[in-house]
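Written out below as structure tokens is the structure these notes cover.
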Amino acid sequence: MLGVIAMMSSLEKTRILIGGLLILAALALGAGAPASSAPTPAVDVVPLADPAVPAAPADRPARSARADAAASSERETGESEAAADVLAVMEGGASWYSDALAGRRTASGERYDPTELIAAHPALPFGTRLRVTNLDNDRSVEVRVIDRGPFVAGRVLDLSRSAAERIGMIRAGHVRVRIEVLQYGV
């Protein structure tokens, strides 16, 4: 990973930095900002407001329709699908790390382990939990951001081998995904 960064020109590094800043700005502005005044993000940002879902009563904390459906599904099947509220949604290209990088330190200082459910994102804070859904087959996996990247135009996420296997993208190498932020890292 560091070798790739060293070989990049300063213009490429600047473009990646600007792209990351645009993503952060889009996330900070949220769905409430007028579309005409917001900068164009490097990824598709999907608004989270759902007018069909009524507001929660004042005596009960607000939950999203997705959280209610997950809780209902958990009661019916006994399986636990993450019932956390989604904080932001993005779409973009994803690829997966090479096994040759196993054991190397990531940008967060952790070592890359292909068997863990982890990811690299250009700008999200380390420790951020994401639900990643392959838009070709609708399979999802939850991952934790521990690295920076990918450094390829049009891609916004690198997944570990294990995460890539769970969403069925090993053979394709890269796919279009929906990224749901479940919890921001620190």
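Things worth noting here:
- Segment 117-140 - residue that is in contact with a Ser or Thr (Cβ under 8 Å, 6 or more places away or on another chain) and within 15 Å of VAL86 (Cα to Cα) and, of those, surrounded by the fewest Cβ atoms within 10 Å (Cβ to Cβ): SER140
- Tally, over segment 68-103, of residues that are at pLDDT 50 or above and either touching a strand residue (DSSP E or B) at 6+ places or on another chain (Cβ under 7 Å) or of a type in the set (Phe, Trp, Tyr) (or both): 14
- Entry remark, segment 131-186: residues being over 14 Å from HIS121 (Cβ atoms) and β-branched (Val, Ile, Thr) number 6 in total.
- Positions within segment 132-148 being in contact with a helix residue (DSSP H, G or I) (Cβ under 8 Å, 6 or more places away or on another chain) and part of a loop (DSSP other than H, G, I, E, B), in sequence order: ARG139
- Subset of segment 149-163 that is closer than 19 Å to GLU110 by Cα and in contact with a Ser or Thr (Cβ under 8 Å, 6 or more places away or on another chain) - its residue that is surrounded by the fewest Cβ atoms within 10 Å (Cβ to Cβ): SER162
- Scanning segment 149-173 for residues that are part of a loop (DSSP other than H, G, I, E, B) and polar (S, T, N, Q) returns a single hit, SER160.
The values are calculated or read from the model by the stated rules, or taken from the named source; none is laboratory data. All of these numbers come straight from a predicted model, not from anything done at the bench. Cβ atoms come from the backbone with ideal geometry, glycine included; neighbour counts cover every protein chain shown.
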